[in-house]
Amino acid sequence: MKFLKESWFPLLLGLAVVMVSIFETLSAESGKHNHFVLNTNSADWVAPDINSVPKNEEGQLILYGRDLVVNTSLYLGPKGKVASISNGLDCQNCHLDADAKPFGNSFAAVP
């Protein structure tokens, strides 16, 4: 048990590498490749206006997701409302302007 407590991260990392290798091998054999294609017009990307979010259930989920990016530590920080599982930083510390800034580590190219 002591071994697992002391070396859980390398074991998890090794398992992830093995799983990726197996997936790549299987996808290569089947001829199907899922390549990530970056939007070549990413310089032209503009985040949707927050005021254009629909006033329905989907819109509520979009606003909640934005709130999670902006106020991550409120929900998941050291004194989080949901859980205490992070260091207190908000996602927008890296994903600038609530993930709406081009070239600000945004999710613009994520399908």
When region 64-95 is examined, which residues are found to be of a type in the set (Phe, Trp, Tyr) and open to solvent by 80 Å² or more (accessible area, probe 1.4 Å)? Tyr64
Under the condition of being under 15 Å from Val46 (Cα atoms) and assigned to a helix (DSSP H, G or I), which residue from region 68-111 is modelled with the lowest pLDDT? Asp99
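The values are calculated or read from the model by the stated rules, or taken from the named source; none is laboratory data. These numbers come from a predicted model, not from an experiment. Remember, those area values only see protein heavy atoms, side chains included, never the ligands or the DNA or RNA. Shrake-Rupley method; radii C 1.70, N 1.55, O 1.52, S 1.80 Å.
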